[in-house]
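Colleague: If you scroll down you'll find the structure; I have some questions about it.
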Amino acid sequence: MKIQEDTYRHKGLRKKLLDILREKGITDETVLNAMNNIPRHFFMDSALDNIAYEDRAFPISDGQTISQPYTVAYQTQLLQVKANEKILEIGTGSIYQATVLAELGAKVFTIERQKNLFDKTKNYIFKNKYINLKFFYGDGFEGLPTYALFDKIIITAAAPFIPPKLIHQLKTGGYMVLPVNEGENQRMKRLTKKEDGSFDEELFENFSFVPMLAGKNVG
Ligand code: SAH
């Protein structure tokens with residue numbers, strides 16, 4: 001296995017990226033600090049090492065992407081994570097977003113539907129550091145009923161609609177942050193679950209995600 005290093009150059013590039021995120025309107029310094037502590041280039045192919053700190057999404061494997069840093073910061077900021085909260089993430093992908101949540105002290109449960117990507121989580125570089133991060137192979141539309149209720153839920157793929165089973169798995173007063181299809185892009189939404197089981201909805205910016213697909217993929 002190749003050994004990855006977090007050099008002064010990487011750290012410098014990361015600081016610049018955080019300034020770009022501040023300029024774009026990210027204000028939560030707790031989120032930015034967590035991102036500062038995580039070497040994003042560890043989550044990407046080493047061929048992309050030089051550009052890992054550009055504010056862009058990049059391909060990982062299996063036709064999937066590591067989300068743009070701005071998107072990760074934006075969704076994490078909307079989630080208002082507090083230490084020890086139970087958070088369900090749909091769409092493990094590169095594990096970068098899940099790592100940011102774990103760095104913030106949350107108990108993270110993340111689901112991936114692609115077997116190849118799920119299998120890679122066994123070699124997760126921070127396996128021993130973030131024991132508060134657990135990986136599951138499954139369909140995010142189903143959530144994780146065994147581990148519910150969750151304080152927060154984050155979906156990191158383009159949802160065709162608000163998954164009803166996930167609403168059921170959210171605590172009263174809890175947030176779900178998700179991008180929902182609207183035309184060619186997705187509208188970022190934050191739902192707050194109400195006591196009667198319904199939810200309030202806040203609307204935010206448009207983003208572009210890979211699709212949230214039903215069922216598991218064994219390939
Ligand atoms: N959070 C990731 C973003 C990955 S892209 C990161 O930080 O890199 C979205 C991921 O969602 C892809 O890996 C895709 O396979 C996965 N996905 C799509 N539909 C899903 C579903 N129904 N359940 C679980 N994962 C899903």
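The values are calculated or read from the model by the stated rules, or taken from the named source; none is laboratory data. These figures come from a predicted structure and were not determined experimentally. Counting neighbours? That spans all protein chains shown, and the Cβs are built from the backbone with ideal geometry, glycine included. Heads up: the accessible areas ignore ligands, DNA and RNA and are worked out on the full protein's heavy atoms, side chains in. Shrake-Rupley method; radii C 1.70, N 1.55, O 1.52, S 1.80 Å.
Colleague: Restricted to the range 60-109, and to residues that are in a strand (DSSP E or B) and within 10 Å of the ligand (Cβ to nearest atom), which residue is surrounded by the fewest Cβ atoms within 10 Å (Cβ to Cβ)?
Modeller: 65
Colleague: Six or more apart or on different chains, Cβ atoms under 9 Å: show the pairs whose first residue is in the range 27-44 and without any contact (Cβ under 8 Å) to a residue 40 or more places away in the chain and whose second is in a loop (DSSP other than H, G, I, E, B) and open to solvent by less than 10 Å² (accessible area, probe 1.4 Å).
Modeller: Final answer for the pair search is 39/52; 41/52.
Colleague: Okay, moving on. Being more than 15 Å from residue 78 (Cβ to Cβ), open to solvent by less than 70 Å² (accessible area, probe 1.4 Å) and touching a helix residue (DSSP H, G or I) at 6+ places or on another chain (Cβ under 9 Å) narrows it down to one residue among 140, 215; which is it?
Modeller: Going through 140, 215 in turn, just one is more than 15 Å from residue 78 (Cβ to Cβ), open to solvent by less than 70 Å² (accessible area, probe 1.4 Å) and touching a helix residue (DSSP H, G or I) at 6+ places or on another chain (Cβ under 9 Å): 140.
Colleague: When the residues of the range 190-207 are filtered to those that are in contact (Cβ under 8 Å) with a residue 24 or more places away in the chain and of a type outside the set (A, V, I, L, M, F, W, C), which remaining residue is farthest from the ligand (Cβ to nearest atom)? Give the derivation first.
Modeller: Narrowing the range 190-207 to residues in contact (Cβ under 8 Å) with a residue 24 or more places away in the chain: 190-191, 193, 197, 199, 204-207.
Checking which are of a type outside the set (A, V, I, L, M, F, W, C) leaves us with 190, 193, 197, 205-206.
Working: 190: 17, 193: 20, 197: 23, 205: 17, 206: 17 Å.
Result: 197.
Colleague: Which of (1) surrounded by 18 or more Cβ atoms within 10 Å (Cβ to Cβ); (2) farther than 17 Å from residue 111 by Cβ does residue 158 not meet, given it meets every other one?
Modeller: Result: residue 158 fails condition (2) only.
Colleague: Residue 166 - would you say it is within 24 Å of residue 181 (Cβ to Cβ) and aliphatic (A, V, I, L, M)?
Modeller: Values: within 24 Å of residue 181 (Cβ to Cβ): yes; aliphatic (A, V, I, L, M): yes.
When the stated conditions are applied, residue 166 passes them.
Colleague: Yes or no: residue 152 open to solvent by less than 20 Å² (accessible area, probe 1.4 Å), among the basic types (Lys, Arg) and closer than 29 Å to residue 37 by Cα?
Modeller: Considered against the rule, which asks whether it is open to solvent by less than 20 Å² (accessible area, probe 1.4 Å), among the basic types (Lys, Arg) and closer than 29 Å to residue 37 by Cα, residue 152 comes out as yes.
Colleague: Here's a follow-up. Restricted to the range 1-24, and to residues that are outside any helix (DSSP H, G or I) and within 25 Å of residue 123 (Cβ to Cβ), which residue is modelled with the lowest pLDDT?
Modeller: If we take residues in the range 1-24 being outside any helix (DSSP H, G or I) and within 25 Å of residue 123 (Cβ to Cβ), then 1 is modelled with the lowest pLDDT.
Colleague: Oh, and also: Kindly indicate whether residue 112 is within 14 Å of the ligand (Cβ to nearest atom), without any contact (Cβ under 8 Å) to a residue 60 or more places away in the chain, open to solvent by 10 Å² or more (accessible area, probe 1.4 Å) and not aliphatic (A, V, I, L, M).
Modeller: Judged against the criteria, residue 112 is a match.
Colleague: Given the conditions (1) free of Cβ contacts under 8 Å to residues at least 40 places away in the same chain; (2) part of a loop (DSSP other than H, G, I, E, B); (3) away from the ligand (no atom under 14 Å from the Cβ); (4) open to solvent by 30 Å² or more (accessible area, probe 1.4 Å), report the number of the one that residue 147 does not fulfil.
Modeller: (1) is the only condition that residue 147 fails.
Colleague: How many residues are open to solvent by 80 Å² or more (accessible area, probe 1.4 Å) and closer than 15 Å to residue 207 by Cα if we restrict to the range 162-182?
Modeller: 1
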